[in-house]
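*Asks:* Can you read through this structure? Questions will come right after.
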Amino acid sequence: MIQSMTGFGKHVIQLPTKKITVELKSLNSKSLDLNARMPSAYREKELELRKTIASSLMRGKVDFGLYLELTSGETSTEVNELAVKNYMKQLKAIADGDDIKLLDMALRMPDSLKTAREDIDETEYESIKLAVHEALKEINIFRSEEGEVLEKDFIERITNLQDLLEQVKTMDPDRQTDVRERLNKAVSDLKTDLDGNRFEQELIYYLEKYDITEEKVRLANHLNYFTSTLKSEDSNGKKLGFIAQEIGREINTIGSKANYAPMQQLVVQMKDELEKIKEQMLNVL
């Protein structure tokens, strides 16, 4: 079962004096790219929280947000009276103005507000860790649901490729006949006497050179392998990507050997289906 790298998870915890919200958003990325936003008071726990998230999500561009909202009248931020008074005194010496305007200007100055640093309460931190785990559960459920959508699309594309391959197999005898007829016509147009045995040997060599039997077999095997890997427990985007590359090589070889317009049209359709698979593959975990 595959997972998408796109996901969202959110969990809210209500404490006696504050509400803490944990959010996780993820998009596709070649590796884990984790961006964390949290109040400075929780920064000492950032490394531990990063490890927890990394062990669960593994890949993707992940935005982790930890938001704090006070729900009581208490606040850890206070007016720095001494600094504000000094600012007002200096401003008054520079320019006339009433106290309200001076106060408004002083409060915008650096250090006019001070925040008392609080140690993280262990009970509170345990609640935060619980919220992170719950958000991780949600985002992984989201990723799994998106993965099911991707899997259905991949199966449809692979089925289309298998159908096109069957058309190639059906068409191949006509292609060989067409190639033989064109060679015979080209030789007859030369109006030159040729050794029949020698010509037949050259014709067989030419037909063998453009034979696609091996490519048809390998392509069928790769398509089956892609499907079985898609349903396996160890299925992942990188492994499926390698198989898709092998599928592409066989399709390209068939196209280069075809030398027959109707078959080349089928090859173009096959390439289109494979390109759609590769686009979706970028979002597979």
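*Asks:* For segment 3-49, which residues satisfy the criterion of being of a type in the set (D, E, K, R), closer than 25 Å to Gly237 by Cα and surrounded by fewer than 15 Cβ atoms within 10 Å (Cβ to Cβ)?
*Replies:* Within segment 3-49, Lys30, Asp33 meet the criteria.
*Asks:* Does any residue in segment 158-185 that is modelled with pLDDT of 80 or more come within less than 7 Å, Cβ to Cβ, of a residue that is of a type in the set (Lys, Arg) and assigned to a helix (DSSP H, G or I) six or more places away or on a different chain, and which pairs are these?
*Replies:* Leu165/Lys216; Val168/Lys216; Lys169/Lys216
*Asks:* Right, here's the next one. Those residues that are at pLDDT 75 or above and either small (Gly, Ala, Ser) or touching a Pro at 6+ places or on another chain (Cβ under 7 Å) (or both), I need them from segment 96-121; list them, please.
*Replies:* Answer for segment 96-121, where residues must be at pLDDT 75 or above and either small (Gly, Ala, Ser) or touching a Pro at 6+ places or on another chain (Cβ under 7 Å) (or both): Ala106, Ser112.
*Asks:* Moving to a separate point now. Against the condition among the β-branched types (Val, Ile, Thr) and surrounded by 16 or more Cβ atoms within 10 Å (Cβ to Cβ), how does Ile94 come out, does it pass? Steps first, answer last, please.
*Replies:* Numbers: among the β-branched types (Val, Ile, Thr): yes; surrounded by 16 or more Cβ atoms within 10 Å (Cβ to Cβ): no.
Here the answer is no, as Ile94 does not meet what is asked.
*Asks:* Pull up segment 226-285, narrow it to residues that are surrounded by fewer than 18 Cβ atoms within 10 Å (Cβ to Cβ) and not in a helix (DSSP H, G or I), then point me to the one that is modelled with the highest pLDDT.
*Replies:* Leu282
*Asks:* From the set of residues in segment 54-80 that are at pLDDT 80 or above and exposed (fewer than 11 other Cβ atoms within 10 Å of the Cβ), which is nearest to Lys101 (Cα to Cα)? Walk me through how you get there before you give the answer.
*Replies:* If we filter segment 54-80 for residues that are at pLDDT 80 or above, which is where we start, we get 54-69.
From the residues that got through so far, the ones that are exposed (fewer than 11 other Cβ atoms within 10 Å of the Cβ) too are 55, 69.
Details: Ser55: 53, Glu69: 30 Å.
Ranking the qualifying residues of segment 54-80, first place goes to Glu69.
*Asks:* Something else now. Can you tell me which residue is surrounded by the most Cβ atoms within 10 Å (Cβ to Cβ) among those in segment 194-223 that are modelled with pLDDT of 85 or more and either of a type in the set (Asp, Glu) or touching a strand residue (DSSP E or B) at 6+ places or on another chain (Cβ under 9 Å) (or both)? Step through it out loud before you land on a result.
*Replies:* Let us first name the residues in segment 194-223 that are modelled with pLDDT of 85 or more, namely 211-223.
If we keep only those that are either of a type in the set (Asp, Glu) or touching a strand residue (DSSP E or B) at 6+ places or on another chain (Cβ under 9 Å) (or both) too, we end up with 211, 214-215.
Numbers: Asp211: 13, Glu214: 10, Glu215: 20.
The extreme case among them is Glu215.
*Asks:* Okay, moving on. Residue check: is Leu47 assigned to a helix (DSSP H, G or I) and in the same structural domain as Val132 (by TED's automatic domain parsing)? Break it down stepwise before answering.
*Replies:* Working: assigned to a helix (DSSP H, G or I): yes; in the same structural domain as Val132 (by TED's automatic domain parsing): yes.
Considered against the rule, which asks whether it is assigned to a helix (DSSP H, G or I) and in the same structural domain as Val132 (by TED's automatic domain parsing), Leu47 comes out as yes.
The values are calculated or read from the model by the stated rules, or taken from the named source; none is laboratory data. This one's a predicted model, so the numbers in the text were calculated from it and none came from an experiment. Heads up, the Cβs are rebuilt from the backbone with ideal geometry, glycines too, and the neighbour counts pull from every protein chain shown.
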